[in-house]
1. Filtering the range 161-175 down to residues that are open to solvent by 30 Å² or more (accessible area, probe 1.4 Å) and either assigned to a strand (DSSP E or B) or touching a residue at least 40 places away in the same chain (Cβ under 8 Å) (or both), which residue is nearest to H41 (Cα to Cα)?
2. Return the residues of the range 89-109 that are open to solvent by 50 Å² or more (accessible area, probe 1.4 Å) and in contact (Cβ under 8 Å) with a residue 12 or more places away in the chain; say none if nothing qualifies.
3. Which residue, of R43, R12, is out of contact with any helix residue (DSSP H, G or I) (no Cβ under 6 Å at 6 or more places or on another chain) and either surrounded by 15 or more Cβ atoms within 10 Å (Cβ to Cβ) or in a loop (DSSP other than H, G, I, E, B) (or both)?
4. Return only the number of the condition from (1) touching a residue at least 40 places away in the same chain (Cβ under 8 Å); (2) part of a helix (DSSP H, G or I); (3) over 25 Å from L32 (Cα atoms) that R158 does not satisfy.
5. Could you look through the range 124-146, keep only residues that are touching a Ser or Thr at 6+ places or on another chain (Cβ under 8 Å) and under 18 Å from L101 (Cβ atoms), and pick out the one that is surrounded by the most Cβ atoms within 10 Å (Cβ to Cβ)?
6. Confirm whether G119 is open to solvent by less than 80 Å² (accessible area, probe 1.4 Å) and farther than 19 Å from E20 by Cβ.
7. Out of A3, A68, I need the residue that is more than 30 Å from C173 (Cβ to Cβ), in contact (Cβ under 8 Å) with a residue 24 or more places away in the chain and open to solvent by 30 Å² or more (accessible area, probe 1.4 Å). Which one?
8. I'd like to know if the range 182-204 contains one or more residues that are outside any helix (DSSP H, G or I), aliphatic (A, V, I, L, M), within 22 Å of the chain's Cα centre (by Cα) and at pLDDT 95 or above.
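The values are calculated or read from the model by the stated rules, or taken from the named source; none is laboratory data. Every value quoted in this text rests on a predicted model; they were computed, and no experiment measured them. Note that we place each Cβ from the backbone using ideal geometry, even for glycine, and neighbour counts take in every protein chain shown. We work out accessible area using only protein heavy atoms, side chains counted, and drop any ligands, DNA or RNA first. Shrake-Rupley method; radii C 1.70, N 1.55, O 1.52, S 1.80 Å.
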Amino acid sequence: MKAVVCQNAELRLAELPEPEPGRGQVLAQVLLCGICGSDLHMREHCAHMKELMGRVAFDAQFPGAGDAVVFGHEFCAEVLEHGPGCDRKIRPGTRVVAQPLLRVGGEIDMLGLSVRSPGAYAERMLLQESALVPVPNGLSSELAALTEPMAVAWHALRRSEIARKDVAIVIGCGPVGLAVVCLLKARGVGTIVASDFSPGRRALAQRCGA
């Protein structure tokens, strides 16, 4: 299969072996994948990030600068087939999103940020069956692919315990910051202050409700 591989800060199109689903895994056809700020950062700073991950003992499969890695963890995909030990409740042909985590033996890999578990900058990928969420109600694949970054923003909003009468301050108006602004607005928070160096991003934040 074709995949985009990053190695030594360079991207190249490569032919990789077809992935085979292991126990509890499914093979999926990638429909769409977003480019995360983490991917952009990792392209230039893999070595630094691997060092940081080592501080929390999670660097074994985390890529270094010289490793060939397939990024991509903001995706929408279609289930193709199940590996052994699957419940098979989600049928082949179903469009899904998923938590970008894959169990490999007794370990957990971060999809797209792992030497061992390629991400969605590829034609096909492996997903953990238990982490799949079917795309509901005819939602487009383009919008479904935003599930992971929107979930990051939703998590931040819930952790904040903000009330409608509170003043919200969002520092940084990249995709996740803008998602936070949108969710604050949807929750009915009346005053949302957004800060960013970029005039373009500040304008987007204002359009989102800041």
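1. Top of the filtered list is P175.
2. Going through the range 89-109, the residues open to solvent by 50 Å² or more (accessible area, probe 1.4 Å) turn out to be 89, 91-92, 95, 99, 101, 103, 105-108.
R91, P92, R95, Q99, L101, R103, E107 - these are the residues of the range 89-109 that are open to solvent by 50 Å² or more (accessible area, probe 1.4 Å) and in contact (Cβ under 8 Å) with a residue 12 or more places away in the chain.
3. Working: R12 fails: either surrounded by 15 or more Cβ atoms within 10 Å (Cβ to Cβ) or in a loop (DSSP other than H, G, I, E, B) (or both).
Exactly one of R43, R12 is out of contact with any helix residue (DSSP H, G or I) (no Cβ under 6 Å at 6 or more places or on another chain) and either surrounded by 15 or more Cβ atoms within 10 Å (Cβ to Cβ) or in a loop (DSSP other than H, G, I, E, B) (or both), namely R43.
4. It fails just one condition, (1).
5. Start the filter on the range 124-146 by keeping residues that are touching a Ser or Thr at 6+ places or on another chain (Cβ under 8 Å), which leaves 126, 133-135.
Cutting the leftovers down to under 18 Å from L101 (Cβ atoms) gives us 126, 133-134.
Working: L126: 19, V133: 13, P134: 13.
Looking at the filtered set, the residue picked out is L126.
6. Numbers: open to solvent by less than 80 Å² (accessible area, probe 1.4 Å): yes; farther than 19 Å from E20 by Cβ: no.
No; evaluated as a whole, the condition is false for this residue.
7. Exactly one residue qualifies, and that residue is A68.
8. To start, the set of residues in the range 182-204 that are outside any helix (DSSP H, G or I) comprises 187-198.
Keeping just the survivors that are aliphatic (A, V, I, L, M) gives 189, 192-194.
Going one step further and asking which of them are within 22 Å of the chain's Cα centre (by Cα), we end up with none.
No, that holds for no residue.
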